[in-house]
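Working notes for the structure below.
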Amino acid sequence: MAGTTSKKRQSAPASLPAINGAAASTWHRSAPPAVRAAVAEGAETAAWTAWQKHLAGRKRPEDTAKSISGRSDPLAWAAPNGIESPPMPDWLRGAGRPNGSDSALESGMLQWLGEAAGKPPRAQYALEALACARRLPRLAAVLSSEAWWALLDHLYGTAADAAAIELEEEPLVHQLLAGELALTLAYCLPEIAACRKLKLAGRRAVSSGLVDLLDGEGLPQADNLASLRPLAACWTRCCALGKQLKGGWCSRSARRQYEWLPRSILRLTRHDGAQVFSGGRSDKLDKDFLRAMLKSGGDDDDRQIAAHVLPGGRSSRKKSALLPAAANHSEWAAVTVLRPDWSRNGPRLSLAYPQRSLQAEFGCGKDLLFLGEWGFEVRFDGKPVEPTSDWEEVCWVSDDDVDYLELEIELGQDVRLQRQILLAREDSFLLLADAVLGSRPGKLEYRGCLPLGPGVSFRAAEETREGHLIGAKRRGLVVPLALPEWQTEPGAGHLRADSDQLTLEQTSEGGRLHAPLFFDLDRRRLLYMSTWRRLTVAQSLEIQPPDVAAGYRVAAGDQQWLIYRSLAERANRTLLGHNLSSEMLVARFDETGEVEPLVEIE
């Protein structure tokens with residue numbers, strides 16, 4: 001951590017003006033005349049008494065909690081995991097409203113100051129500091145003048161020092177201290193010149209946070225997803241303060257970023273209201289927080305989306321289809337959400353792929369079918385090949401038929417792995433496929449692992465190689481397309497549940513390999529028989545080996561699909577009498593047997 005934030009702070013640094021109620025320079029011209037007159041005469045006791053009287057009877061600015069509508073404590077909104085809610089130092093919890101000084105209260109406060117001075121700031125401390133800053137006007141009635149000014153001096157120095165915190169390294173702490181704490185002090189104590197000046201610094205910090213941390217549509221980078229709701233809560237509180245501060249709380253460009261936040265948060269919300277990738281926890285979205293955020297930054301579409309997405313709302317797939325797209329992809333953030341619509345019970349696949357890790361969460365209704373790192377292992381000629389690059393986007397398509405994402409990562413020994421993710425809207429299936437592409441012939445051994453969510457199991461069929469995903473209900477059929485349907489047929493691989501994860505293993509002797517899994521998500525089709533076949537692919541009237549191209553036909557009930565993937569260079573090839581020269585095709589068969597492409601990558 002940069003600057004003075006990691007150094008022990010006994011008092012305000014030389015670069016910061018010490019705040020002293022007895023100094024005339026401390027007070028802004030808006031301060032009560034009685035206070036300024038007493039200070040000019042050197043009557044410190046009279047000045048403090050006049051200041052206490054002013055704060056006790058002051059109507060503007062109002063208490064910060066009252067300035068934000070709702071019953072819950074705004075500081076408790078989206079508190080990071082492990083932080084007590086509402087966040088408040090122990091000494092402040094016991095603060096009453098007696099006349100005069102409370103020695104026990106002051107002792108606890110001084111102990112808190114001492115503990116904070118020896119440590120770099122963290123989110124817990126930042127929220128506690130905000131709780132103290134919000135109560136400073138009321139604390140003047142229960143603290144001595146020396147203790148009150150010491151607390152203010154500490155909080156002021158913390159806000160000023162926080163500008164040295166690296167935004168990219170500690171985004172939440174930076175925004176809470178350099179942004180919100182600065183604005184809170186400027187809002188609560190505008191009569192004190194140093195606090196009043198913090199408004200501009202706080203505005204700059206919040207503006208840089210919104211602009212630098214978001215992708216333009218309310219998404220943070222994948223590494224900061226866990227901080228999305230706490231950051232949004234911070235910015236929403238700042239927005240409420242900004243309505244009372246001349247010049248507002250952020251720049252115009254930052255404001256535009258904030259207006260996208262409600263939709264991003266709703267898009268990344270589970271069936272139970274918790275945020276995706278939050279482990280097995282159910283941290284529901286606070287209603288007061290959501291109401292304040294929608295009031296400050298959302299629009300009519302966002303309010304309708306909230307009614308579809310959140311528990312207690314009325315969800316209709318038909319009405320959901322009239323709303324803005326539910327899916328979203330951000331190459332900058334390395335975050336993608338695939339979902340056909342805003343229906344709370346529908347399928348939703350969220351992906352975060354910072355650097356070399358790919359986290360996946362796939363939910364259907366109440367069940368989280370997959371949750372965790374979607375991993376893989378590849379061996380080439382008996383030797384493991386490890387990633388040598390980060391995940392990079394190859395292709396993104398989102399239209400009326402599908403959401404489709406393709407990613408690529410470089411491996412050792414000149415091997416690449418391309419990952420295809422397709423969620424079909426009306427056809428209601430999910431296709432997950434890894435294509436391992438070597439530059440020379442050799443034996444490939446592939447193992448892909450999807451972590452099963454809590455309470456979810458895989459029930460394998462007795463005679464065939466497919467199986468069902470079982471949660472609160474039977475959620476889907478899983479088909480390993482590259483393997484033979486019947487277990488009695490020889491196949492170079494298997495699909496099974498292994499240590500709470502779904503594992504697909506395959507081998508190939510040609511140096512290239514396609515490992516697809518087809519998930520039928522239509523519960524009505526699960527009542528009917530399903531079948532699949534690996535198809536013969538021909539080129540110039542010659543049958544091609546499986547390391548050149550792969551084709552599959554899947555049937556479920558009265559519906560059928562065609563899936564094709566070129567593994568070598570693209571060429572004019574045929575399968576099932578269908579001629580194509582594309583790299584990838586996923587299509588449905590219509591009632592007449594004609595092929596209707598859902599997505600085709602050329």
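The values are calculated or read from the model by the stated rules, or taken from the named source; none is laboratory data. Everything numeric here is computed off the predicted structure, so don't read it as measured data. Glycine gets a Cβ as well: all are built from the backbone with ideal geometry, and neighbour counts include every protein chain shown.
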> Considering only helices (runs of 4 or more DSSP H) fully contained in the range 198-317, which possess at least 3 residues that are closer than 28 Å to G346 by Cα and among the aromatic types (F, W, Y)?
Replying inline: none
> Has the range 562-574 got any residue that is in contact with a Leu (Cβ under 7 Å, 6 or more places away or on another chain) and more than 24 Å from L407 (Cα to Cα)?
Replying inline: yes
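For a quick check of your reading: which strands (runs of 3 or more DSSP E) sit entirely within the range 331-421 and have at least 3 residues that are without any contact (Cβ under 8 Å) to a residue 40 or more places away in the chain, over 22 Å from T269 (Cα atoms) and outside the structural domain of L225 (by TED's automatic domain parsing)? I'd like the intermediate steps shown before the answer.
On the way: elements: 335-338, 347-352, 359-364, 367-373, 375-380, 392-398, 402-411.
Here the list reads 402-411.
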> Is there a residue being at pLDDT 95 or above, over 22 Å from E44 (Cβ atoms) and either assigned by TED's automatic domain parsing to the domain that holds G82 or β-branched (V, I, T) (or both) anywhere in the range 136-155?
Replying inline: no
> Can you list the helices (runs of 4 or more DSSP H) found entirely within the range 96-180 that contain at least 1 residues being among the aliphatic types (A, V, I, L, M) and over 23 Å from S85 (Cα atoms)?
Replying inline: 103-117, 145-161
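If you go through the range 446-456, how many residues are part of a strand (DSSP E or B) and within 26 Å of the chain's Cα centre (by Cα)?
So the answer is 5.
Of the residues that sit in the range 17-33 and are aliphatic (A, V, I, L, M) and surrounded by fewer than 17 Cβ atoms within 10 Å (Cβ to Cβ), which one is modelled with the lowest pLDDT?
By that ranking, first place goes to A18.
Please go through the range 503-531 and pick out each residue that is among the hydrophobic types (A, V, I, L, M, F, W, C), surrounded by 15 or more Cβ atoms within 10 Å (Cβ to Cβ) and free of Cβ contacts under 8 Å to residues at least 60 places away in the same chain.
If the condition is that a residue be among the hydrophobic types (A, V, I, L, M, F, W, C), surrounded by 15 or more Cβ atoms within 10 Å (Cβ to Cβ) and free of Cβ contacts under 8 Å to residues at least 60 places away in the same chain, then L504, L526 are the ones that fit.
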>> Suppose the filter is closer than 18 Å to L585 by Cα, touching a Lys or Arg at 6+ places or on another chain (Cβ under 6 Å) and assigned by TED's automatic domain parsing to the domain that holds A515; does D434 pass it?
In response: yes
> How about the range 386-443: which of its residues are within 18 Å of F362 (Cβ to Cβ) and of a type in the set (G, A, S)?
Replying inline: S398, A424, S428, A433
>> The conditions are (1) free of Cβ contacts under 8 Å to residues at least 24 places away in the same chain; (2) in contact with a Gly (Cβ under 6 Å, 6 or more places away or on another chain), and Q175 fails exactly one of them. Which is it?
In response: (1)
> Counting just the residues of the range 69-79 that are on the phi < 0 side of the Ramachandran plot and either surrounded by fewer than 18 Cβ atoms within 10 Å (Cβ to Cβ) or in a helix (DSSP H, G or I) (or both), which one comes out modelled with the lowest pLDDT?
Replying inline: S69
>> Consider the range 412-445. How many of its residues are under 22 Å from A555 (Cβ atoms) and of a type in the set (A, V, I, L, M)?
In response: 7
> Which one of these is within 17 Å of P480 (Cα to Cα) and among the polar types (S, T, N, Q): S581, S540, S530?
Replying inline: S530
>> I'm trying to understand the selection: among the residues of the range 27-49, which are among the aliphatic types (A, V, I, L, M) and either farther than 18 Å from P137 by Cα or not in a helix (DSSP H, G or I) (or both)?
In response: A31, A37, A38, V39, A40, A43
>> Return the residues of the range 186-219 that are under 16 Å from the mean Cα position of the chain (by Cα) and surrounded by 22 or more Cβ atoms within 10 Å (Cβ to Cβ); say none if nothing qualifies.
In response: G209, L210, L213, L214, G218, L219
>> Based on this model, can you work out whether A482 counts as of a type in the set (A, V, I, L, M) and modelled with pLDDT under 95?
In response: no
> Only one of (1) surrounded by fewer than 19 Cβ atoms within 10 Å (Cβ to Cβ); (2) within 30 Å of the chain's Cα centre (by Cα); (3) over 20 Å from S530 (Cα atoms) fails for P441. Which number is that?
Replying inline: (2)
>> Tally up the residues in the range 111-124 that are surrounded by fewer than 16 Cβ atoms within 10 Å (Cβ to Cβ) and not charged (D, E, K, R), please.
In response: 5
